[in-house]
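The structure appears below as structure tokens.
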Amino acid sequence: MAMPTEAARLPRHIAVIMDGNGRWAERRGSIRSVGHRAGAKAVQTAIEFCLERGIGCLTLFAFSSENWRRPEEEVGTLMKLFLRMLESEIEELHRRGVRIGFIGQRSDFPAEIREKMDWAERLTAGNDTLRLNIAGSYGGRWDIVNACRRLLAANDGAPLRAEQVTEESLGGFMALADQPEPDLLIRTGGDCRISNFLLWQMAYTEFWFTPVLWPDIDRAVLQQALDDYAGRERRFGLISAQVRGESA
Ligand code: FPP
């Protein structure tokens, strides 16, 4: 029986829904922003872990299309936190060879943040230790609609024939099209749902849920997710024997 190699058991791409910052703070009698600040520290832990383990791509759901509807004060805190992280972390990530990218509706963000996002992408464009993708003002449905619009626009204004719309042609315009699809989704905070994250890209992703709140994430929890993933059989619509190379 062909056993998967160690490398095959390691996800090439991990996507994360970092949930539970607000509850983490509330349980300590603090305001929600305290949880987001602690969440930002946990982001560093996750990046470190991926660098150590040789994970190729990490995609973090930092702010959804729907999060703009949160109380103004919380949105303001998150924007300040993004800006501060962009100012304080990017150069160190660059030194460590991380390539940073942002997905989502960038025009929704204030100019100051947009400029920092553009700068971070330009600065780190040649790096290759880890692709770090930050989803901001991102929604899976937004991504699909955006890809449709881009596909239409790419046809130079000529009407698109139905047969020109294929998984490949549309998929080429989805966010992260130049990276392997996520092998593993980690969601913290106890809820077991996808919350409009990478709807197209996660068709065959393995999901791993934990009640641990995002600010409490550590290497041991992340390792548990990797261990669980390593034990799963990914069939991609085939049967077990085909996956094991036992039948055609
Ligand atoms: C979800 O927890 C978390 C967010 C909406 C924000 C995530 C932001 C960070 C971790 C900090 C900055 C990160 C980057 C990458 C710049 P929640 O507020 O929904 O928690 P709750 O479910 O307990 O209310």
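The table that follows gives values for the structure above.
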| item | result |
| --- | --- |
| Average projected area [Cα convex hull, segment 57-118], square nanometres | 4.4 nm² |
| Rounded if a/c under 1.5, otherwise prolate or oblate - segment 208-248, Cα gyration tensor axes | prolate |
| Residue-wise HN-Hα coupling along segment 139-147, computed from phi with Karplus coefficients 6.51, -1.76, 1.60 (Hz; x: Gly, Pro) | x, x, 5, 4, 4, 5, 5, 4, 5 |
| Listed residues V212, V16 arranged by accessible area, highest first, probe 1.4 Å | V212, V16 |
| Sequence of L152, L83 when ordered by accessible area, the most exposed leading, probe 1.4 angstrom | L152, L83 |
| Solvent accessible area, Å² - I103, 1.4 Å probe, full protein context | 20 Å² |
| For segment 152-248: accessible area per residue (Å², 1.4 Å) | 55 Å² |
| Scaled radius of gyration (Cα, divided by 2.2 N^0.38 Å) that segment 89-172 gives | 1.34 |
| Taking N as its residue count, the alpha carbon Rg of the chain over 2.2 N^0.38 Å | 1.07 |
| Assigned charges on the beta-carbon of Lys, Arg, Asp, Glu; the chain dipole about Cα centre (debye) | 320 debye |
| Cα-based equivalent ellipsoid, segment 181-231: semi-axes from gyration tensor eigenvalues, Å | 19, 14, 8 |
| Segment 162-248: equivalent-ellipsoid semi-axes (sqrt of 5 x gyration tensor eigenvalues, Cα, Å) | 27, 21, 10 |
| Label-point gap, in nm, between L123 and A203 - each point 7 angstrom along Cα→Cβ | 3.7 nm |
| Contour excess over end-to-end distance, with Cα ends at Q179 and D108 and 0.36 nm allotted per residue | 23.1 nm |
| Solvent-accessible area per residue for segment 1-113 (1.4 angstrom probe, square angstrom) | 51 Å² |
| Per-pair calculated FRET efficiency, R0 = 30 Å: E168 and R141 via Cβ, rounded to 0.05 | 0.90 |
| Nearest-20 debye value, segment 1-121 charge dipole, Cβ charges on Lys, Arg, Asp, Glu | 360 debye |
| Within the accessible area of segment 1-130 (1.4 Å probe), percent carbon and sulfur | 50 percent |
| For segment 76-217, the spread of Cα positions along each principal axis, largest first, Å | 49, 35, 32 |
| Residue (of M202, T77, A120) at the positive-pole extreme of the chain, dipole from beta-carbon charges | T77 |
| Percent of alpha-carbon pairs separated by more than 24 Å within segment 1-135 | 33 percent |
| Ratio Rg/Rh, restricted to segment 129-172 and using Cα atoms, in which Rh is the Kirkwood radius | 1.09 |
| Dipole moment magnitude, nearest 20 debye, segment 177-245 about Cα centre, only Lys, Arg, Asp, Glu C-beta charged | 240 debye |
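The values are calculated or read from the model by the stated rules, or taken from the named source; none is laboratory data. What you are looking at is a predicted structure, and each value in this text was computed from that prediction instead of being measured. Note that each Cβ is placed from the backbone with ideal geometry, even for glycine, and that neighbours are counted across all protein chains shown. All accessible areas refer to the heavy atoms of the entire protein, side chains included, with ligands and DNA or RNA removed. Shrake-Rupley method; radii C 1.70, N 1.55, O 1.52, S 1.80 Å.
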